[in-house]
Amino acid sequence: MTVDDTTMARLVEAARAVRANAYAPYSKFAVGAAVLDEQGRIHAGCNVENAAYPQGWCAETSALAALVAAGARRVLAVAVVGVAADPVTPCGGCRQKIREFAAADCPVWAADLQQVRARHTLGGLLPAGFGPQHLQG
Ligand code: THU
């Protein structure tokens, strides 16, 4: 399934917009993420930190929760927006969470406030990953 560049650009914009709502008083590292569902809908989320540090969660997790809460079950594309010297890609835990709903060819783009910095696929970020298929006998 190919997602066109116009849709990817909309996904990046949604991730940029929601990043402004990040709750990151401890790290000061605001992240926004957006995921595209099987109906072409975009779901966005930001990181939400906590005074009990390990209880915080990532922007990608928020976006996935919004997708599932909207009744969707597939992730066709992902955009992550953060500002850092290196492109901000999903952490290991979020790669696994994305894997639950996405195929290996799912595009995962990393952008900052100006431009797209890196274009990956989920399979490239999580090679030979464990997924739902492993539980199907
Ligand atoms: N974070 C994300 O939300 N997504 C990523 O892809 C990388 C890290 C958050 C977690 C934490 O709130 C802050 O960025 C610093 O790690």
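The values are calculated or read from the model by the stated rules, or taken from the named source; none is laboratory data. Remember, it's a predicted structure, so these values are computed and weren't measured experimentally. Cβ coordinates were reconstructed from backbone atoms using ideal geometry, including for glycine residues, and neighbour counts include every protein chain displayed. For the accessible areas, the whole protein counts, side chains as well, though only heavy atoms, and no ligand, DNA or RNA atoms are used. Shrake-Rupley method; radii C 1.70, N 1.55, O 1.52, S 1.80 Å.
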Sorted list, accessible surface of protein heavy atoms, 1.4 Å probe, largest first, for His43, His134, His120 is His134, His120, His43
Cut-off under 5 Å, modelled amide H: who pairs with Glu38 long-range = Arg73, Arg74
Between Ala85 and Tyr26, what is the FRET efficiency for a Förster distance of 22 Å, r being their Cβ-Cβ separation, to the nearest 0.05?
-> 0.60
Of the accessible area of the range 5-125, with the probe set at 1.4 angstrom, what percent is carbon plus sulfur?
-> 54 percent
Which trypsin sites (Lys or Arg not before Pro) in the range 20-108 pass both tests, a DSSP loop state and at most 14 other beta-carbon atoms within 10 Å?
-> Lys28, Arg41, Arg73
Amide H of Trp57: which non-local residues (sequence gap of 5 or more, or other chain) have their own amide H closer than 5 Å, using H built in the peptide plane?
-> Val48, Glu49
At most 16 other Cβ atoms within 10 Å plus a DSSP loop assignment makes a site exposed; report the longest stretch of the chain without any exposed chymotrypsin sites (Phe, Trp or Tyr not before Pro).
-> 30-129
Fraction of antiparallel bridges per DSSP, the chain only, in percent to nearest 5 | 75 percent
Rounded to whole Hz and in sequence order, give me ³J(HN,Hα) for the range 92-106 from the Karplus expression 6.51 cos²θ - 1.76 cosθ + 1.60, θ = phi - 60°, writing x for Gly and Pro.
-> x, x, 6, 4, 5, 5, 5, 4, 4, 10, 10, 8, 4, 8, 4
Cα principal axis extents for the chain, largest first, Å | 44, 35, 29
